[in-house]
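Rule-based calculations on the coordinates, nothing more; no lab input. The structure displayed is predicted, hence computed values, not measured ones. Cβ placement follows ideal geometry from the backbone for every residue including glycine, while neighbour counts extend to all protein chains displayed.
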Amino acid sequence: MLQRLEIQNIAIIDKIEIELGEGLNVLTGETGAGKSIIIDSINAILGERMSKQLIRTGRDKAVVEAVFQVNIDRMSDLLESFGIEGEEDGTLVISREFTASGKNTCRINGRIATVSMLKKIGERLIDVHGQHDNQSLLRTESHIELLDSFADSKINILKDEYLKHFESYREIKDRLKSLSGDAGERERKIDILRFQIDEIEKANLKVGEEEEIEKQRDVLLNFEKIISTLSNAYEALDSGGNLGISALDRINKSVSDFSNIENYDDKYSTLKKRLEAVSYELEDVITEIRELRDGIEYEPSVLEQLEERLDVLYRLKKKYGDSIEDILEYLENAKKELDEIINNEEIINRLKEDLKKEDEQLYKLAKDINCERIKTAKLLENRIGSEFKDLEMKNTKLKVNIEFYDSIKDGERKYGNNGLDRVEFLISTNVGEPLKPLSKIASGGEMSRIMLAIKTILAKVDKIPTMIFDEIDIGISGIAAQKVGEKLCYISKNHQVISVTHLAQIACIADNNYYIEKVTKGGNTETVVKSLDEEGKRNEIARIIGGVKVSDIALKHAEEMLDYAREFKKANGKD
């Protein structure tokens with residue numbers, strides 16, 4: 001949900017901060033006080049286009065920042081695709097700054113973002129419903145998901161099974177496509193694969209040989225250094241060289257000397273034994289050094305052969321993989337592909353049979369899903385019809401239009417992720433009028449109530465956490481207004497709802513009330529926001545009822561409306 005909103009330098013707003021709560025949040029105030037500016041600011045966070053004309057006069061930039069509390073599991077995939085880490089506590093901070101020069105700076109959890117990223121993330125955070133806004137319900141492609149959300153678990157089981165077969169169907173089609181093609185292209189592919197296979201096989205590669213060759217090459221390249229080191233060590237340890245007496249001889253002399261005194265003290269005997277052990281170990285070292293020295297032969301031709309082999313490996317790695325293991329894997333895949341192409345007629349026939357079986361299974365599942373959707377559509381139409389009556393729209397009818405596209409074109413059906421159905425919500429608002437798409441409804445007031453009715457039914461399954469209803473009360477009053485307030489209250493049981501209204505019937509049923517006021521300070525006009533307590537809420541409802549002058553009658557009427565609202569909320573599990 002939206003926890004906090006901060007707005008700076010937009011229109012008549014200098015700086016305001018709004019702490020929003022759970023349930024139904026209602027914003028009221030005089031016309032022109034800045035309520036619509038607050039909604040425009042939220043739209044900015046959602047990635048909507050913002051005009052630099054909205055920047056407050058005399059300021060060079062405007063800033064909007066919103067803090068959300070989100071279900072991190074539901075947002076993690078999107079945040080990961082943006083390269084943004086989600087906070088463990090579910091806090092999500094989105095900010096947008098735009099300047100008079102037209103520069104936009106967007107951030108998500110402190111990371112630079114684009115406007116399109118704000119749009120994508122905004123679609124999962126807030127749904128804004130106003131008289132002229134395009135809603136998620138106006139996107140025809142979303143209707144099928146909304147319908148399925150209203151259905152029971154059977155359709156989800158069918159859809160899961162359908163998607164498994166659909167994935168297999170697409171994989172088979174891809175393989176068929178790769179094996180098909182004109183004869184010339186097929187022959188070119190065969191020639192390329194045969195050349196690649198022959199080139200790799202002739203190299204007679206062995207796993208680990210590159211490392212071994214590099215070791216041998218390093219030895220030959222450093223032959224003089226190695227021979228010199230081994231020879232010097234041998235002379236010092238065994239023959240003595242220029243020193244005249246070797247290290248081994250010196251140690252053996254010490255062993256002999258200690259033999260003369262070992263009987264005088266156990267310590268001398270112990271030292272003698274340790275020196276003997278050193279002598280034996282040194283003899284082994286001298287033997288190994290001599291063998292290494294005598295075993296090394298420097299042959300330029302061998303070094304040349306090693307360099308040539310490494311060059312072969314380098315060229316193959318450049319073409320076929322980063323290691324010998326990768327090259328050998330490439331070889332196996334190339335052999336398999338060549339075999340498939342050479343024997344593709346047999347393979348293609350087998351794949352076509354597999355495709356036919358998958359098509360039959362997909363078609364059956366698509367028909368089963370279609371049947372479930374038709375049953376669900378009837379239930380949804382009846383439920384929404386009841387909501388329309390509650391909202392004083394007795395002549396309004398909703399039709400869930402489902403078209404099953406099973407026609408075959410170019411030898412195949414056009415399966416999609418949702419089967420073969422195309423779903424669209426159609427509306428007729430008056431007796432005798434034909435059903436039309438939701439987007440064709442002209443009246444803003446009707447559209448708002450239609451949206452409210454649909455949202456009331458789908459409130460439990462709609463996953464968007466926050467819904468904003470911007471002046472959906474235009475053109476209604478009396479019982480209809482009361483019903484709108486009750487519907488908003490119902491939706492707010494499962495969602496955070498923010499409503500901008502001029503109706504007392506909606507204000508009185510709110511969980512949190514905010515008064516938006518335009519004031520003059522130091523010769524400048526600006527918007528302020530006040531969070532209302534119970535007394536402030538009563539006075540504001542009285543103001544809406546009675547106008548500028550709040551009378552005792554208006555206050556009494558306001559208290560009666562609040563009493564009714566409390567009883568309604570209590571009866572509906574809101575208190």
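222 nm [θ] for the chain, helices only, -39500 (n - 2.57) per DSSP H run of 4+, per residue, to 500?
Computed mean residue ellipticity for the chain: -18000 deg cm²/dmol.
Label points 7 Å out from Cα along the Cβ direction at SER168 and GLU304: separation in nm?
It is 6.1 nm.
Using Cα atoms only, what is the angle between the long axis of helix 478-491 and the major principal axis of the chain, expressed in degrees (0 to 90) to the nearest 10?
20
Taking the chain as the reference, fit the longest principal axis to its C-alpha atoms, fit the long axis of helix 324-342 to the helix C-alpha atoms, and give the angle between the two in degrees, 0 to 90, nearest 10.
60
Rounded to the nearest 0.05, what FRET efficiency do GLU345 and THR114 give with R0 = 45 Å and r taken as the Cβ-Cβ distance? Could you check?
According to the calculation, E is roughly 0.35.
With loop defined by DSSP as not H, G, I, E or B, and exposure as at most 16 other Cβ atoms within 10 Å, which is the longest segment of the chain clear of exposed chymotrypsin sites (Phe, Trp or Tyr not before Pro)? Walk me through the numbers on the way to the answer.
Details: sites that count: TYR264, TYR298, TYR405.
The answer is 1-263.
How much length is gained on full extension from THR91 to ILE213, taking 0.36 nm per residue of separation minus their Cα-Cα distance?
Fully extending the segment from THR91 to ILE213 adds 38.3 nm.
So, in nm, how far is label ASP294 from label ARG74 when the simple model puts each one 7 Å beyond its Cα toward the Cβ?
Placing both labels 7 Å beyond Cα along the Cβ direction yields 8.2 nm.
For the residues GLU297, GLU276, what sequence is obtained by ranking on other C-beta atoms within 10 Å, fewest first?
Least crowded to most crowded, the residues run GLU297, GLU276.
Taking the 0 to 90 degree range and rounding to the nearest ten, how far is the long axis of helix 247-259 tilted relative to the main principal axis of the chain, both from C-alpha atoms?
Relative to the chain, helix 247-259 is tipped by roughly 80 degrees.
Classify the stretch 71-164 as rounded, prolate or oblate, taking a ≥ b ≥ c as the square roots of the eigenvalues of its Cα gyration tensor: rounded when a/c is under 1.5, otherwise prolate if a/b is larger than b/c and oblate if not.
Oblate shape, in that a/c is at least 1.5 and b/c is the bigger or equal ratio.
Sorted by average packing, counted as other Cβ atoms within 10 angstrom per residue and highest first, what order do 364-372, 500-508, 200-208 take?
500-508, 364-372, 200-208
For an R0 of 60 angstrom, estimate the FRET efficiency from the Cβ-Cβ distance between GLU433 and ARG186 and round to the nearest 0.05.
Step by step, r from the Cβ atoms, then E = 0.50.
Which FRET efficiency value, to the nearest 0.05, is calculated for GLN53 and LYS336 with the Förster distance at 60 angstrom and r the Cβ-Cβ distance?
Once rounded, the FRET efficiency stands at 0.40.
Defining a contact as two alpha carbons under 8 Å apart and six or more residues distant in sequence, what relative contact order in percent does the chain show?
Once divided by the residue count of the chain, the mean separation gives 22 percent.
Can you give me the relative contact order of the stretch 1-92 as a percent, contacts being Cα pairs under 8 Å and 6 or more apart?
That works out to 35 percent.
What do you get for trypsin sites (Lys or Arg not before Pro) in the stretch 1-99 restricted to DSSP loop and a cutoff of at most 11 other Cβ within 10 Å of the site's Cβ?
ARG49
Of (i) 1.66; (ii) 1.37; (iii) 1.03, which is the value of Cα Rg over 2.2 N^0.38 Å derived from the coordinates here?
Computing Cα Rg over 2.2 N^0.38 Å and matching it to (i) 1.66; (ii) 1.37; (iii) 1.03 gives (i).
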